1. Which of the residues belonging to region 186-197 are out of contact with any helix residue (DSSP H, G or I) (no Cβ under 8 Å at 6 or more places or on another chain) and open to solvent by 70 Å² or more (accessible area, probe 1.4 Å)?
2. Please name all residue pairs, on different chains or six or more residues apart, with Cβ atoms under 9 Å, provided the first residue is in region 165-179 and is closer than 14 Å to residue 329 by Cβ and the second residue is of a type in the set (Asp, Glu).
3. Listed residues 128, 76, 81; which is under 30 Å from residue 352 (Cβ atoms) and of a type in the set (D, E, K, R)?
4. Within region 223-260, can you find the residues that are in contact (Cβ under 8 Å) with a residue 60 or more places away in the chain, hydroxyl-bearing (Ser, Thr, Tyr) and open to solvent by less than 10 Å² (accessible area, probe 1.4 Å)?
5. Out of 100, 111, 117, report the one residue that is open to solvent by less than 80 Å² (accessible area, probe 1.4 Å) and in a loop (DSSP other than H, G, I, E, B).
6. For region 22-45, does any single residue satisfy the condition of being part of a helix (DSSP H, G or I), acidic (Asp, Glu), exposed (fewer than 11 other Cβ atoms within 10 Å of the Cβ) and at pLDDT 90 or above?
7. What about residue 300, is it over 17 Å from residue 172 (Cα atoms) and either in contact with a Lys or Arg (Cβ under 6 Å, 6 or more places away or on another chain) or polar (S, T, N, Q) (or both)?
8. Are any residues in region 198-222 closer than 20 Å to residue 271 by Cα and either open to solvent by 30 Å² or more (accessible area, probe 1.4 Å) or assigned to a helix (DSSP H, G or I) (or both), and if so, which ones?
Amino acid sequence: MSNKTQNSQNQSEAKPTEYTLDPEDWPAMEQLAVQMAGDMMAYLQGLENQPSWKPIPLEVKKYLEQKIPITPQSPEEVYQEFKDNILPYNKGNIHPRFFAWVQGTGTPLGALADLLASTMNPNVTIGEHTPMYVDKQVVEWCKQLLNFPSDSSGILVSGGSMANITALTVARNSFLGPTLRQEGLVKVNKQLVIYCSTETHSCILKAAEILGVGTNHIRKIGVNDSFEMKIDELKTTIQKDKANGLTPFAIVATTGTVNTGAIDPLEAIHHICQQFGLWMHIDGAYGALAKLDTHYADALKYIEKADSVAFDLHKWLFIPYEVGCTLIKDAAAHRASFAITPNYLLQTERGL
């Protein structure tokens, strides 16, 4: 063999191997997919005959503490691990006899929908592709469900906590003006105050911390015998804070508290917001969609008057975890609070 031929062979052997994420055996993967779907449908059908919750054995917890694997496993082995060590010890919220708090279940079709979405694997923030339009359509439906104006804005998020902080960010930015995003809070010579009831979800306190308001400036208003916010106390507290040089800017009303399902008096809160020029936000993570029930429609009608509302689709609508929604009445304020468009986020006719 000549030196030239030997060099050519060495160069050929030095070429990197081409890798792919495709299965080595497509028919076997398809067979596993069919088995998984069948197993999960059988699991759901027989769920009512099982306990709603089982304690996790110590050996299973130990098994799930193992270090990251170095060598690969077959898909079949991984699935068997799931069936042995994960599936039997569910939280229980998909069980028909699960009554703890407000954690809803999904549906068989919802599980299959997750498969379809994961197969497409889209990012719904940029690009010209149909999932963007599906996302937009769902937000439009959410506006219609709660009778929000067609020109209002909205966004799908991970759940109620993110939905609430999104809305309160818009409330703060709208109240303090357009320079806040550039200057930050350091030049704001105002101590903002948020008002809510003692029954309000703790995510509102977390939002106050993140927004720079601070939990010391969350006013937890007392509740009556029905666990609803006391309006007289709310009004008196606002007046006292203003007299002390503080700056009230938002009231958070709850429609469906986690502890008792109480609904704050929305009409009265709306009038107070109008009187003092405050942002009316509704934490409807649990109960906003009860507005569709004629039994609760009157109590929840003033959701339509709110500046913003946060609610979860994975509760009353039984969509698999997790998806929440924030609706903002002032679409321009929503956009002004978050919009930024670097080159890699520009919208183009041919997608990305």
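The values are calculated or read from the model by the stated rules, or taken from the named source; none is laboratory data. The structure displayed is predicted, hence computed values, not measured ones. Cβ placement follows ideal geometry from the backbone for every residue including glycine, while neighbour counts extend to all protein chains displayed. Heads up: the accessible areas ignore ligands, DNA and RNA and are worked out on the full protein's heavy atoms, side chains in. Shrake-Rupley method; radii C 1.70, N 1.55, O 1.52, S 1.80 Å.
1. 186, 187, 189
2. Matching pairs, first to second residue: 167/283; 167/307; 170/307; 170/330; 171/307; 174/307; 174/330.
3. Working: 76 fails: under 30 Å from residue 352 (Cβ atoms); 81 fails: under 30 Å from residue 352 (Cβ atoms).
Of the residues listed, the single one that is under 30 Å from residue 352 (Cβ atoms) and of a type in the set (D, E, K, R) is 128.
4. 257
5. 100
6. no
7. Details: over 17 Å from residue 172 (Cα atoms): yes; either in contact with a Lys or Arg (Cβ under 6 Å, 6 or more places away or on another chain) or polar (S, T, N, Q) (or both): yes.
It is true that residue 300 is over 17 Å from residue 172 (Cα atoms) and either in contact with a Lys or Arg (Cβ under 6 Å, 6 or more places away or on another chain) or polar (S, T, N, Q) (or both).
8. Answer for region 198-222, where residues must be closer than 20 Å to residue 271 by Cα and either open to solvent by 30 Å² or more (accessible area, probe 1.4 Å) or assigned to a helix (DSSP H, G or I) (or both): 219, 220.
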